Structure formats: structure tokens, C-alpha cells
Amino acid sequence: MFPRARPIAILSYHQTAQPPRRGTPVRSLFLPPWRFALQLRTLRRLGWTGLSMRDLQPYLQGERHGKVFGITLDDGYLNNFEHALPVLRELGFTATAYIVSSQPGGSNVWDHPVGAPAAKLMDVAHMKAWLQAGMEIGAHTRHHVDLSRCDEETAREEIAGSRQDLERMLDSEVRSFCYPYGGHRPEHAEMARAAGYTTATTIVSSRARRDDDPLRLPRISILLQGSLPLVVAQVTTDYEDWRLSRRKYRSRPNTRWTMSAGAPG
């Protein structure tokens with residue numbers, strides 16, 4: 001008889017680089033390389049293994065069991081190749097880098113309008129080296145669009161086209177997808193399924209369970225302000241699920257007054 005499958009944390013990182021000055025837009029999505037390394041080394045010492053979405057899939061499906069968590073890095077930043085990859089290889093971990101297929105070797109042009117600093121992205125040679133190191137490349141649409149604001153034709157082209165672009169560039173199968181900004185509707189999961197993806201991730205902050213739709217998997221965002229004990233708790237305990245249930249409870253109209261009146265100041 002199989003043991004009961006435990007929920008699995010899938011971590012979402014962006015840039016492993018020194019954060020810009022305070023007040024800079026999207027500063028919370030930077031993580032100094034030493035903190036990224038410390039988080040993963042600590043989890044490794046506690047007996048946990050970080051896996052790409054490809055390698056995590058048997059655990060998500062209940063076919064394998066163990067102390068594992070997912071590692072994803074959004075947007076394909078060059079600093080992840082430079083700083084995250086050596087740590088992943090040192091620990092024997094794997095990770096998925098989600099790539100915006102129109103920007104190999106380019107920049108995070110989707111963030112420029114809000115004043116975020118330009119950051120270089122991996123080019124095709126970097127992506128191939130990432131794959132050769134045992135990591136995974138996933139798709140992140142063609143232009144990093146908010147799918148929840150797209151018409152049906154555009155959404156379908158962005159979802160399916162990004163996989164086609166990457167497979168043509170890399171001569172390698174792409175099976176994992178990530179919704180930019182987490183924004184999507186139920187029909188986008190069906191588009192991802194029809195495009196041939198086996199997993200797709202959101203930014204709903206919870207751990208993944210076996211009965212979750214594999215094309216709408218939750219992830220836990222790792223932010224600059226998050227402490228090491230918090231990250232460890234999010235991976236190894238029920239903390240994140242407790243926090244999600246607490247938020248849902250507080251949002252219920254018939255309980256909001258009771259909790260605010262009864263909770264300590």
C-alpha cells in the first residue's frame with residue numbers, strides 16, 4: 001500500500017542578483033546569490049531535494065514519494081545561469097527555467113515600462129548549457145503577456161507558440177509552462193493541455209497536491225523580504241497551507257467582524 005502523499009512545495013524565484021536600491025520597482029523579486037545558496041543548502045542538510053518540474057512530476061502524480069520540492073526560475077535571467085546553476089549542480093538539484101521565447105539573449109522588456117532595471121536574459125547557448133547540466137527549460141509565453149487580458153486567439157498563440165519556438169531553438173522537447181504574472185482563466189489551462197504541456201504553474205501560494213490540476217499548479221514565491229526560517233517552514237511544514245486557509249477565513253463576510261473584534265491588537 002502506498003504511503004499517503006504529502007503536499008509538495010514548488011518554489012518560484014526570479015533574479016539571483018544583488019538587489020537594486022530601495023524603492024526600485026520589482027525589487028522584491030531579487031535575491032542575493034548567497035541567500036539563494038543558503039536556502040538550498042539548508043534544505044539539503046535537512047534531507048530535502050530540489051527538483052525541476054520534469055523531475056517532480058512522478059511525485060506530483062503519486063508514483064514516487066520522498067522529501068522533495070520544486071524549483072522554478074521565471075523569465076530566464078542570465079544571472080540565474082551565472083549564480084543559481086553552480087549551486088544547483090553542487091547540491092545535485094535540478095530546476096526549471098521558464099523562458100520568454102521572443103527574447104533569447106534579450107532583456108526583461110515587459111518590466112521596463114514600470115521603471116524596473118534592465119536585466120539580461122539567457123541566450124540560446126546558455127539555454128543549451130542549462131539543459132546539458134541536467135536542468136529543464138520551460139515556456140513562459142512568447143512576449144510575457146498577461147493572459148487574463150488577452151483575447152482567445154492571442155492567448156492560444158502565446159501559449160502554443162512559445163513551446164514551438166523553444167523546441168525549434170533548442171532541438172529539445174518542452175513540456176512545462178508558466179503563466180506570466182500568474183494571470184490566467186480556466187480555458188488557458190485547456191489551451192496549455194492542448195499545446196502538449198504536462199504541467200503549468202501559477203502564483204497561488206500553496207503547496208501542490210495530487211488532486212490538483214497539473215496545468216494549474218500553485219507555487220510559493222520566494223521574495224527578498226522572506227527569511228530563511230520562513231522558506232524552510234514553507235517547504236517542510238504545513239505553514240503555507242495554514243496561512244492560505246487563514247486568509248480565506250478572514251475574507252469570509254460572516255467571520256471578518258468576529259476575527260477583528262476577537263483578535264489581539
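Only the coordinates and a few stated rules stand behind these numbers; no lab work does. Treat the numbers as computed from the prediction; the structure is a model and nothing was measured. Virtual Cβ from ideal backbone geometry, glycine too; neighbours counted across all protein chains shown.
Structural remarks
- Theoretical ellipticity at 222 nm over the chain - DSSP helices of four or more residues, -39500 (n - 2.57) apiece, nearest 500: -11000 deg cm²/dmol
- Packing-based ranking, highest mean first, of 80-86, 211-217 given that Cβ atoms within 10 Å are counted: 80-86, 211-217
- Computed E for residue 112/residue 65 - FRET, C-beta separation, R0 41 angstrom, nearest 0.05: 0.40
- Length released on extending from residue 223 to residue 246, taking residue separation times 0.36 nm less the Cα-Cα span: 6.2 nm
- GluC sites (Glu not before Pro) within region 117-178: DSSP coil, no more than 14 neighbouring Cβ in 10 Å: 173
- Remark: spin-label model distance residue 198-residue 152 equals 3.0 nm, labels positioned 7 Å along the Cα→Cβ axis.
- Seen against the Cα atoms of the chain and their longest principal axis, helix 253-262 is set at about 60 degrees.
- Each of residue 21 and residue 172 was given a label point 7 Å from its Cα along the Cα-to-Cβ line. The distance between the two points is 3.9 nm.
- Spatial separation of Cα centroids for region 169-209 and region 25-46, in angstrom: 24 Å
- Using alpha-carbon coordinates, inclination of helix 33-45 to the longest axis of the chain, degrees: 60 degrees
- Per-residue extension of 0.36 nm, minus the Cα-Cα distance of residue 123 and residue 5, leaves a gain of 38.7 nm for this segment.
- Spacing of the two label points (7 Å from each Cα toward its C-beta) at residue 132 and residue 232, in nm: 3.7 nm
- Against the set (i) 23.2, 93; (ii) 16.7, 54; (iii) 18.4, 60, the structure's computed Rg and Dmax of the Cα atoms in Å falls on (iii).
- Residue-span extension gain [residue 90 to residue 211] - 0.36 nm each, minus C-alpha spacing: 40.3 nm
- Local electrostatic count at residue 222 - Lys and Arg +1, Asp and Glu -1, tallied over other residues with Cβ under 15 Å: +3
- Charge tally in the Cβ shell below 12 Å around residue 40, where Lys, Arg are +1 and Asp, Glu are -1, residue 40 excluded: +4
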